[in-house]
Amino acid sequence: MRRILPVFVLAMFVAGVVSAQPIKDGGGQKDKNDNKDLVKGEVKKVNAEKGTLTLNINGKDEEFKIPNTARITIAVANEVKDAKDGLNDNWFKSAEKASGTGRFTVELTKDKNEITRVHLLTPTSRKDN
């Protein structure tokens, strides 16, 4: 009995160390966001007719063409809503008027250089949206 107990404890220790090692190849699972980039910036200008959105990113203005297939959402208070009128939504108009205040930011999700989602963060939105 005295010899079995130390062997059992050693075996349990080795099993714990081996199971705690990270799997280097990711276990065969790929992250869904491998090809997606997130761009964040302050709203500078909105042109709904042309489908463009100009953002101030780190002090530089960049214009983005928003395709008709992109999902446009708005974070208001503690919920996320789809923009019924797309870039014509009143929240985007308010964001353009408040340009330079830092109150409205946009997160653009790009998949292979095409914008798939536009997410407007309003001053009323919570940080976890």
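The values are calculated or read from the model by the stated rules, or taken from the named source; none is laboratory data. Source: prediction; values computed, not measured. Methodologically, a virtual Cβ is constructed for each residue, glycine included, from the backbone with ideal geometry; neighbour enumeration extends over all protein chains shown.
Here's the yes/no breakdown for (1) in contact with a helix residue (DSSP H, G or I) (Cβ under 9 Å, 6 or more places away or on another chain); (2) buried (at least 17 other Cβ atoms within 10 Å of the Cβ):
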| residue | (1), (2) |
| --- | --- |
| G59 | no, no |
| P67 | no, no |
| R71 | no, no |
| I74 | yes, yes |
| D85 | yes, no |
| A95 | no, yes |
| A98 | no, no |
Quiz item: Filter the stretch 1-51 for residues that are of a type in the set (K, R) and closer than 30 Å to G102 by Cβ; which is modelled with the lowest pLDDT?
Solution: K36
